[in-house]
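A quick write-up on the structure given underneath.
The values are calculated or read from the model by the stated rules, or taken from the named source; none is laboratory data. Since we're looking at a predicted model, the values are computed, not measured. Cβ placement follows ideal geometry from the backbone for every residue including glycine, while neighbour counts extend to all protein chains displayed.
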Amino acid sequence: MRVLVIGLDCATPQLVFGKWLDELPNIKKLASQGAYGKLKSVIPPITCPAWMCMVTSKPPNRLGVYGFRNRKGNSYKEIRIANSSEIKEKTVWDILSGLGKKSIVVGVPQTFPPKPLNGYLVTSFLTPSTNSQFTYPEDFRNEVLEVAPGYMLDVENFRTDRKDGLLKEIYDMTEKRFKLMNHLLKTKEWDFGMVVEMGPDRMHHAFWKYFDEKHKKYVPGNKYGGEMLRYYRFLDGKIGELLEVIDDDTAVLVVSDHGAKPMKGCLCINEWLIKEGYLKLKSYPSTPTKFGKCEVDWENTKAWGWGGYYSRVFLNVEGREEQGIIPQEKFNEEREELIRKLRAICDPEGRPMNSLVDSPEDIYHDKCEGETADIMAFFDDLYFRAAGTIGHNSIYLEDNDTGPDDAVHDWHGIFAMRKPGAQGKGEVKGISLIDIAPTVLSLMDVGVPKDMVGKVITW
Amino acid sequence: MKRKTTDRKKKYTTVSIPVPLYLKVRGMIEDTGFTSVSDYVTFVLRELIAGTSEDRTKTAFTRADERMVKERLKALGYID
């Protein structure tokens, strides 16, 4: 049996299986012929590392990847950017390559620089540009650019107020990606195919406030009110086109790496740490300034934080950081106290936040590879982002400090799957994206490696 | 003589290939300049790897790549 995985970054269950299922005939048919449900993401529920967790069936702590950037050693400011060389675990296509089975892999995040495989690979948006080596084999790039001239790894910038231009770019990107995948499925020999489209994520961040009446910035009758549904219908049509070119002996999965929901605001982690006496600057900036540009008084600083969909907080530890001040023997005590305080942060109206704040060891209950933060903090069930910038004179922000943004991520993505010869099962519960790799291998009659963490989804 | 064996041990190792493939290759190299299947397989692999060695050096994540991806992530608002 062949397997095709269609990945839709950020596609979210309350829209796909809730609000708009009747508007999406191809996904609806697939779900009714097979099984569907909410797919639990990983912690953190972010594109990087989530897709790699999905294709390796390993949690972030096993991959040692905790976001788009990771700390470089014990440096105060240096970071590493997530890339394929950090992934030491085998992906589904690595395993299949070893068995002589052929794969087509398009747009899966964290595949740049491309690694050799038995088949064809096009890297993802985390690639410098299409002038870089973005395919394997290298000369395959010519075919990609011939089939889909102007192939787009991503849009230029989705946190923008230029909405008309952005919409056009997103449609262009999606059109080209599906055109390429369609061509490859038709013309190449393959056993496993996987494509990841970034469009839904870009749409959610840029257009959520226009359709969601519950969003704090929703304006009735706005110009873009119908755009989100229009895009989902477009995507559904593209999925339908892929389904037309595969044979009956192919299992199909439509999945996402995490969901989305409206953003309520930002918590300025470093502003809060200043207020609580953990972080001291030599001079407080007069305008919002990146943490890296601020002059920190390290000799009087106990902790600092990174922003993003969640916050990573680091303690300044003697003998570990260059100018560390927390004695090693006090580390646990200091961390526990800071965790308690972070958990107690209220929202701007003084209401308790439903925040997940813990040490990486307590989040993963296992050894953590790579450079971890000392504390991971997810504020208000993800409704609040974390802002790392300083100079706001407040610990809260209405908007994202890195540009216009309407949405945050949510803990569950989507799962729909049909397989040849199986009856419709309906909704399945308790499944996770870690289960996708073993499910794919099992469908292909390939033994599931014992070190894969997920279970086979079957019925 | 003993020394020669030790040198060879240091320089060579064994890889396994399926027997039918071995027999096919042995048939292929009859009446050619290749005196053994190992010689021929070494030749083929060298040719293959020479063709892709450029790929391999380029597949490192260079500092320039990192700088460009970092800029992209900033433009996308993923990092400040």
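For A:Glu299, the conditions (1) modelled with pLDDT of 95 or more; (2) farther than 23 Å from A:Ser359 by Cβ; (3) within 14 Å of chain B (Cβ to nearest Cβ) all hold with the exception of (3).
Return yes or no: is A:Gly259 touching a Leu at 6+ places or on another chain (Cβ under 7 Å) and under 30 Å from A:Pro13 (Cβ atoms)? Step through it out loud before you land on a result.
Details: touching a Leu at 6+ places or on another chain (Cβ under 7 Å): no; under 30 Å from A:Pro13 (Cβ atoms): yes.
Here the answer is no, as A:Gly259 does not meet what is asked.
Is it fair to say A:His392 is in contact with a Phe, Trp or Tyr (Cβ under 6 Å, 6 or more places away or on another chain), under 30 Å from A:Glu156 (Cβ atoms) and in contact (Cβ under 8 Å) with a residue 24 or more places away in the chain? Here the answer is no, as A:His392 does not meet what is asked. If the condition is being in contact with an Asp or Glu (Cβ under 7 Å, 6 or more places away or on another chain) and either within 22 Å of A:Glu138 (Cβ to Cβ) or within 11 Å of chain B (Cβ to nearest Cβ) (or both), then region A:71-100 contributes A:Lys72, A:Ile81, A:Leu96. Inside region A:157-208, residues that are under 17 Å from A:Ser256 (Cα atoms) and among the small types (Gly, Ala, Ser) make up a count of 2.
A:Ile43 meets the stated requirement of being in a loop (DSSP other than H, G, I, E, B), modelled with pLDDT of 95 or more and not basic (Lys, Arg). The C-beta contact set for region B:61-75 (first residue facing chain A (nearest Cβ under 7 Å), second residue modelled with pLDDT of 90 or more and surrounded by fewer than 17 Cβ atoms within 10 Å (Cβ to Cβ), distance under 9 angstrom, 6+ apart or interchain) comprises B:Phe61/A:Ser85; B:Met68/A:Ser129.
Apart from one condition, A:Asp362 fits all of (1) closer than 22 Å to A:Phe68 by Cα; (2) in contact (Cβ under 8 Å) with a residue 12 or more places away in the chain; the exception is (2).
Just checking, does region A:121-140 include any residue being more than 22 Å from A:Ala82 (Cα to Cα) and surrounded by 22 or more Cβ atoms within 10 Å (Cβ to Cβ)? There is no residue in region A:121-140 that is more than 22 Å from A:Ala82 (Cα to Cα) and surrounded by 22 or more Cβ atoms within 10 Å (Cβ to Cβ).
Listed conditions (1) within 14 Å of chain B (Cβ to nearest Cβ); (2) closer than 25 Å to A:Ile414 by Cα; (3) in a loop (DSSP other than H, G, I, E, B) are all met by A:Val108, apart from (1).
Taking strands (runs of 3 or more DSSP E) that do not extend beyond region A:236-325, which have at least 1 residues that are on the phi > 0 side of the Ramachandran plot? Please lay out each step first, then the result.
Values: elements: A:250-255, A:259-262, A:265-268, A:303-306, A:311-315.
In region A:236-325, the matching strands (runs of 3 or more DSSP E) lie at A:265-268.
When A:Lys214 is tested against (1) modelled with pLDDT of 95 or more; (2) closer than 21 Å to A:Ala11 by Cβ, exactly one condition is not met: (1). Evaluation of A:Cys368 against the conditions (1) crowded, with 20+ Cβ neighbours inside 10 Å; (2) touching a helix residue (DSSP H, G or I) at 6+ places or on another chain (Cβ under 6 Å); (3) not polar (S, T, N, Q) shows that the sole unmet condition is (1). Number of residues in region A:235-272 that are within 18 Å of A:Ala386 (Cβ to Cβ), buried (at least 24 other Cβ atoms within 10 Å of the Cβ) and among the hydrophobic types (A, V, I, L, M, F, W, C) equals 6. Of all the criteria given as (1) touching a helix residue (DSSP H, G or I) at 6+ places or on another chain (Cβ under 8 Å); (2) within 14 Å of chain B (Cβ to nearest Cβ), the one not satisfied by A:Pro288 is (1). Looking only at residues of region A:132-162 that are in contact with a helix residue (DSSP H, G or I) (Cβ under 7 Å, 6 or more places away or on another chain) and in a helix (DSSP H, G or I), we find that the one that is farthest from the other protein chains (Cβ to nearest Cβ) is A:Val147.
For A:Phe331, the conditions (1) touching a Ser or Thr at 6+ places or on another chain (Cβ under 9 Å); (2) free of Cβ contacts under 8 Å to residues at least 60 places away in the same chain all hold with the exception of (1). Restricting A:Asp191, A:Asp154, A:Asp164 to residues that are free of Cβ contacts under 8 Å to residues at least 12 places away in the same chain, among the charged types (D, E, K, R) and either more than 29 Å from A:Leu253 (Cα to Cα) or buried (at least 20 other Cβ atoms within 10 Å of the Cβ) (or both) narrows the list to A:Asp164.
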